[in-house]
Amino acid sequence: MKLRKASAITGSLATLALVLSACGGGDIAAEEKENESQAAAAGDCGELNMAVNPWVGFAADAYVVGHLAETELGCTVNYKDLKEEVSWQGFGTGEVDVVIEDWGHPDLEKLYFEDQGGDGSAMEMGPTGNVGIIGWYVAPWMAEEYPDITDWENLNDYADMFETPESGGKGQFLGADPSYVQFDEAIVANLGLDFQVVFSGSEAASIAAFEKAEANKTPLIGYFYEPQWFMSEVPLVKVNLPEFTDGCQDVAQDVACDYPETQLKKVVATEFAESDSPAVDLIANFQWTNDDQNLVAKYISVDGMSAEEAAATWVEENPDKVEAWLS
């Protein structure tokens, strides 16, 4: 699939102007002014600053959008590896234009969204199309051998099985990157569970731990989420926590409920949203599925492609979706 390039559009406009002027087709100055206007609309994008938060699904989103912004709109894309809260701080300084995958940060919205009482430096720009599911999971072999372990009320019966040198005589609960949206320490405390949260430190470390637990049939319970390509390789089994209800996570230290399903969304700098950049429409139009994201993430994590190569491959394979975003 070969998409139309901004440079090709500009070249065609210039040729058209020469033909019209040679044939006496109208006011040359007016034609040139019109051509310049259309050329600017076709691809004068400038710089686009995209945060890349530390999980591969986010990188999949960011690099697919960034690839199109570069190749189709003429943008110079700057990818910035930042944790979530730091990304939002960049909206007001001009360092970040786009957070392409937000999992829900009402605390940050109160600081940066005008309609939430914030400084107005950021705003929502619609859903990504992905549905995010955070939860507690065990390796598949455990759910098969101990079926009742997927009910939180039975977890203390198995706590000794999960003990590690790092868990201080309690069962270990494997947290992820501590910068992620997570309430696991509060949930453990408020449900009276005999566990200690030990953070893996990164998505890659959590994946490696679950992979090893399944392969070696060793006990492991921990924080994980979808969309995530790894679920198609090792289908982790979700533990049933007390049902999420509105307001149950409003006070972080009091949380004693499950995580909600979340419609993931795009957040952008207000200044960027109000600019004439053609990338604004691209980001507003961008939507895809969990399967789309997981495929690009697999290209990166399993197939060894760079994020740029993975994005280009997916774009080449999905012309209809891409054309809809560029319309």
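Between rounded, prolate and oblate, where does the chain land on the alpha carbon gyration tensor, with a ≥ b ≥ c its root eigenvalues, rounded for a/c under 1.5, else prolate if a/b exceeds b/c? Cα axes put the chain in the prolate bin. Each DSSP beta bridge with both residues in the chain is either parallel or antiparallel, and the antiparallel ones are about 55%. The HN-Hα couplings worked out from phi for segment 101-107 by the Karplus form 6.51 cos²θ - 1.76 cosθ + 1.60 (θ = phi - 60°) are 9, 9, 9, x, 9, x, 5 Hz, whole numbers, x standing for Gly and Pro.
Across segment 160-174, computed HN-Hα scalar couplings (Karplus, 6.51 cos²θ - 1.76 cosθ + 1.60, θ = phi - 60°) run 4, 4, 9, 5, 9, x, 8, 9, x, x, 10, x, 8, 10, 7 Hz from first to last residue, x flagging Gly and Pro. Remark on Cys75: its backbone amide H falls under 5 Å from those of Glu70, a criterion applied only to residues 5 or more positions apart or on other chains, H modelled at 1.01 Å from N. The share of accessible area on the chain that comes from carbon and sulfur is 49 percent, using a 1.4 angstrom probe.
Among complete DSSP H helices in the chain, those whose alpha-carbon atoms stretch at least 18 Å along the helix's long axis and whose mean Kyte-Doolittle hydropathy reaches 1.0 are 6-22.
What's the FRET efficiency of Glu271 with Ser327 using the Cβ-Cβ distance as r and R₀ = 41 Å, to the nearest 0.05? Intermediate values should be presented prior to the final figure.
Numbers: r = 25 Å, r/R0 = 0.60.
In this case the efficiency is close to 0.95.
Once you've got the Cα coordinates, tell me which of Lys170/Lys265; Lys212/Lys265; Lys80/Lys217; Lys217/Lys238; Lys266/Lys298; Lys170/Lys298 are over 29 Å apart. Let's see the in-between values first.
Numbers: Lys170/Lys265 37 Å; Lys212/Lys265 33 Å; Lys80/Lys217 38 Å; Lys217/Lys238 17 Å; Lys266/Lys298 22 Å; Lys170/Lys298 35 Å.
Listed pairs above 29 Å: Lys170/Lys265; Lys212/Lys265; Lys80/Lys217; Lys170/Lys298.
Proximity of backbone amide H atoms, modeled 1.01 Å from N, is registered between Leu220 and Ala139 at under 5 Å, excluding neighbours fewer than 5 places apart on the same chain.
Under 10 Å from the Cβ of Tyr158, count the other residues' Cβ atoms, weight Lys and Arg +1, Asp and Glu -1, and hand me the total.
Working: positive: none; negative: Asp148, Asp157, Asp160, Asp194.
Overall, the nearby charge balance is -4.
Charging the Cβ of each Asp and Glu at -1 and of each Lys and Arg at +1, and nothing else, the dipole of segment 187-272 about its Cα centre rounds to 280 debye. Of the residues Val267, Asn290, Trp88, the one whose Cα sits farthest towards the positive end of the charge dipole of the chain is Asn290 (charges of +1 on Lys and Arg Cβ, -1 on Asp and Glu Cβ, taken about the Cα centre). Among all the aspartates and glutamates, which ones have a C-alpha under 16 Å from Lys321's C-alpha, if same-chain residues fewer than 8 places away are not counted? Output for Lys321: Asp61, Glu72, Asp281, Asp291, Asp292.
Across segment 251-267, coupling constants 3J(HN,Hα) worked out from phi with the 6.51/-1.76/1.60 Karplus curve, θ = phi - 60°, read 10, 3, 6, 9, 5, 9, 9, 6, 7, x, 6, 10, 6, 5, 9, 9, 10 Hz, and Gly and Pro carry x.
The length gained on full extension between Glu243 and Glu95, counted as 0.36 nm times the residue separation minus their Cα-Cα distance, comes to 49.4 nm.
The values are calculated or read from the model by the stated rules, or taken from the named source; none is laboratory data. Remember, it's a predicted structure, so these values are computed and weren't measured experimentally. Virtual Cβ from ideal backbone geometry, glycine too; neighbours counted across all protein chains shown. Accessible surface is based on the protein model in full, side chains and every heavy atom, while ligands, DNA and RNA are left aside. Shrake-Rupley method; radii C 1.70, N 1.55, O 1.52, S 1.80 Å.
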